[in-house]
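S.K.: The structure's right below; bear with me while I get my questions together.
The values are calculated or read from the model by the stated rules, or taken from the named source; none is laboratory data. All values derive from a computational prediction rather than experimental measurement. Note that we place each Cβ from the backbone using ideal geometry, even for glycine, and neighbour counts take in every protein chain shown. Side chains included, ligands, DNA and RNA excluded: accessible areas come from the protein's heavy atoms. Shrake-Rupley method; radii C 1.70, N 1.55, O 1.52, S 1.80 Å.
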Amino acid sequence: MTSTDLTVQDRHGSVPLSVLLFRLANDASRERISVGDLLTVLGDRAIGALMFFFAAPNILPVPPGVSTLLGAPLLFLSAQLMLGMRPWLPGIVTRRSLSRDDLATLVRRIVPWLAKAEKLLRPRVPVLARPPVEYLVGLVCLVLAALLMLPIPLGNTLPALAISLLALGVLERDGVWIAVGLFASVVAGSVVWGVLWAMIKAALYLLARLMS
């Protein structure tokens, strides 16, 4: 199947995201896959799908700096969801690419969980999956993306999980998943803020001891 075929089918929503990612990762005609390629192939579903793609790897511990690298596109996408804009990313982001082998490794981590989630996702509770609630979801994801980029030990897991839930809810117009994602966002924000406040208090305490 060609890239054009993939694009057309996905814009009509006929190809599950897990299948699409698997096909891209196993497309022998490509040596590298750029963010721009993903943006083109995903079409109108790009915001929800790419938000999941950039957030999901952060659910598990990642090397230092990875959360910042993956969090930057999330800021753009979340802001666009909040403003009701079509998906767009600057050239500095769309030109970034992964080798097919690296994408395959990433897909192997994501797709099994995504395929299970897709069996549970379906359009429901439409009031939570449409504007203006969708704009609120964008705002929440924007805050979570900012938290994701903070250098807090293990502070990326809960925000990434919340963004992933919200992104899948937006992607499949599932208000139940959006509601669960909003609850997870409150938990994530509370935990990360608690850890951040504890770090600030510890730093102030050490500074006071050094100055005494």
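S.K.: Rounded, prolate or oblate: pick one for region 23-127, where a ≥ b ≥ c are the square roots of the eigenvalues of its C-alpha gyration tensor, a/c under 1.5 means rounded, and failing that, prolate if a/b is larger than b/c, else oblate.
M.R.: Details: a/c = 1.37, a/b = 1.15, b/c = 1.19.
Rounded.
S.K.: From largest to smallest, what semi-axes in whole angstrom does the chain give when each is the square root of 5 times an eigenvalue of its alpha carbon gyration tensor? Could the numbers behind the result be given before it?
M.R.: Numbers: eigenvalues 198, 86, 42 Å².
Ellipsoid half-lengths, sorted descending, are 31, 21, 15 Å.
S.K.: Moving on to the next point. Using 0.36 nm per residue, how much length does the chain from VAL187 to SER99 gain when fully extended, once their Cα-Cα distance is taken away?
M.R.: Values: separation 88, 0.36 × 88 = 31.68 nm, distance 3.53 nm.
Here the answer is 28.1 nm.
S.K.: Please report the Cα spread of region 94-140 along all three principal axes, rounded to whole Å, starting with the longest.
M.R.: The Cα atoms of region 94-140 stretch 40, 29, 14 Å along their principal axes.
S.K.: Please report the accessible area of SER190 (heavy atoms, 1.4 Å probe, ligands and nucleic acids excluded) in Å², nearest 10.
M.R.: 70
S.K.: I'd like the FRET efficiency for ARG209 and ALA146, computed as 1/(1 + (r/R0)^6) with the beta carbon distance as r and R0 of 35 Å, rounded to 0.05. Kindly include the intermediate steps, with their values, before the conclusion.
M.R.: Values: r = 31 Å, r/R0 = 0.88.
For ARG209 and ALA146, the calculated efficiency is 0.70.
S.K.: So, R0 is 30 Å and r is the distance between the beta-carbons of LEU83 and ALA198; what FRET efficiency does that work out to, to 0.05?
M.R.: Numbers: r = 34 Å, r/R0 = 1.14.
So, using R0 = 30 Å, E works out to roughly 0.30.
S.K.: Run the simple label-point estimate for LYS116 and TYR135 please: 7 Å along Cα→C-beta, distance reported in nm.
M.R.: Roughly 3.7 nm, to one decimal.
S.K.: If we restrict to alpha carbons, what Rg and Dmax does region 72-195 come to, in Å?
M.R.: Cα-based Rg and Dmax for region 72-195 come out at 14.9, 40 Å.
S.K.: Could I ask something else about it? How much of MET199 can a 1.4 Å solvent probe reach, expressed as accessible area in Å² and rounded to 10?
M.R.: Only protein atoms counted, so the area is about 80 Å².
S.K.: Follow-up. For the chain, give the magnitude of the charge dipole about the Cα centre (Cβ charges: +1 Lys/Arg, -1 Asp/Glu; no others), in debye to the nearest 20. Present the calculation step by step, with values, prior to reporting the outcome.
M.R.: On the way: 19 positive and 12 negative charges, 52 e Å.
Taking the Cα centre of the chain as origin, the dipole is about 260 debye.
S.K.: Right, another one. Using the Kyte-Doolittle scale, find the helices of the chain whose mean hydropathy is at least -0.5 and whose Cα atoms extend 30 Å or more along the helix's long axis, counting only whole DSSP H runs. List each step's numbers first, then the result.
M.R.: Values: long enough: 175-211 (53 Å, 1.75).
Answer set is 175-211.
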